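Encoded as structure tokens, the structure appears first; notes follow it.
Throughout, read-outs are computed from the coordinates displayed, never taken from laboratory work. This is a predicted model, so every value here is computed, not measured. A quick note on method: Cβ atoms are made from the backbone with ideal geometry, for glycine too, and the neighbour counts reach across all protein chains shown.
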Amino acid sequence: MLPRHDRPCGHQIGVTMATDRDKLIAFVRETHRLTGETDIVARGKAGREVSAATAADYARVGRARLDLEDDSGGRLMDGVSRQSWDHHRAALRHEATMAFRAHRSACDRAQRSQDLQTAARHAWASRAALRAYTAVSTATRPPDRSAPRRSKRKTLPKGDGWQKRAWEAATAAMRPALACGWIGARPNEIELGVALERLQTRQGEVVQVLIRGAKVTDHSGQPERVLWISATSPEGQALLSAIPEGATRTEVRRGAKRISLDWSQRIRPLMGGKPSAYSLRHQFAANLKAQGFDPIQIAKALGHLSVKSQKRYGSASQGQGGGVGLVAVDATRDVRTGPEADLVTDYEPAEP
């Protein structure tokens, strides 16, 4: 964000029209030069392709953290945890980009109509958005945990029905989030909101599940993924129970910390052993592998950009009998295979 004395406000630019124009043109040219040092233009083109649900989610983050009237650009990444870092970074870069595009276009229109005061206001706002974008892009992620947690695939409960035992231990308020975890949603993704819809298809009744990715960067993750789960499967029945009676759709939302407490304070003590919310995700991966799903389908179902990331999740030998309820899956990005997969960082060692 520019210091206030550097902002090209109408009364600060000068007295005569010629002086106003000269200062405005110089300021706009400098902004254009600074723009060339970033990827904000390319991101603007990509940003128009996000879904309505993702755009609404990004706008919510932007309203809370992006303020072009503030010298610092707003709260931006201040206080964002490592777990939420990728999501907030993607959201704020998107919102700053959209603001930059809007104000730059408004500035051009105002210049063409000779409304220099309006043009100056939008020129300053576009510079403010650019600086916010740069600040977010260069912000430093919080440090790793001192002792990364081990993969939960090593602590998966024995037996084919442990998810049902977790379900029985959970309270009614906990169960919708547990149902989403059953089909691979991360706690942080459930916190963002998981959309459920009951549908009739040629294959029978299914539950359509839309999950917005919580670990998404330019080089990892899936911004969105959609899973179609058979309504007759155990996980399908669990998801259906989250949809209010008489309705066909709903959104499940529960805080990630609250979900962790659900397991540590109630579900795990009643079940015994060391299961957690992430055990559900690892078991889902193990079941998909055991049932012979294609690695690309598994990557999409888990929200991964690379087929190699799933190697750190549950193994086929840990798969449960009785099949799996996944009917079909799709994701925003094409899954990378071969040498391109090595460039992806879907999995972080600190992920439980």
query: Relative to the present Cα-Cα distance, how much length would full extension add between residue 112 and residue 56 at 0.36 nm per residue of separation?
result: 16.9 nm
- prompt: Applying 1/(1 + (r/R0)^6) with R0 = 51 Å to the Cβ-Cβ distance of residue 199 and residue 264, what FRET efficiency is obtained, to the nearest 0.05?
  reply: 0.90
field: Potential extension, residue 75-residue 328 segment - 0.36 nm per residue separation minus Cα distance
entry: 87.1 nm
- request: Please go through the residue pairs 257/289; 164/257; 158/215; 257/308 and name each one whose alpha carbons sit more than 25 Å apart in this structure.
  value: 257/289; 158/215; 257/308
message: Below 13 angstrom from the Cβ of residue 243, what's the summed charge of the other residues (Lys, Arg +1; Asp, Glu -1)?
response: -1
Label-to-label distance, nm, for residues given as residue 240 and residue 137 (7 Å Cα→Cβ offset): 4.9
- request: Report, in order of residue number, the helices in the chain meeting two criteria: a C-alpha extent of 15 Å or more along the helix axis, and a mean Kyte-Doolittle hydropathy of at least 1.6; treat each whole DSSP H run as one helix.
  value: none
query: Ranked from highest to lowest mean number of other Cβ atoms within 10 Å per residue, what is the order of the peptides 218-229, 71-82?
result: 218-229, 71-82
message: With the crude spin-label approximation of a point 7 Å out along Cα→Cβ, what separation in nm comes out for residue 274 versus residue 316?
response: 2.7
message: At 0.36 nm per residue, and after removing the present C-alpha to C-alpha distance, how many nm does the segment from residue 82 to residue 248 gain when stretched out fully?
response: 56.2 nm
query: Rounded to the nearest 500 deg cm²/dmol, what is the calculated helix-only ellipticity per residue at 222 nm for the chain, with -39500 (n - 2.57) per DSSP H run of length n ≥ 4?
result: -14000 deg cm²/dmol
- request: Jot down the radius of gyration and Dmax of the stretch 210-309, Cα atoms only, both in angstrom.
  value: 15.2, 42
message: Antiparallel versus total DSSP beta bridges in the chain: what percent is that, nearest 5?
response: 95
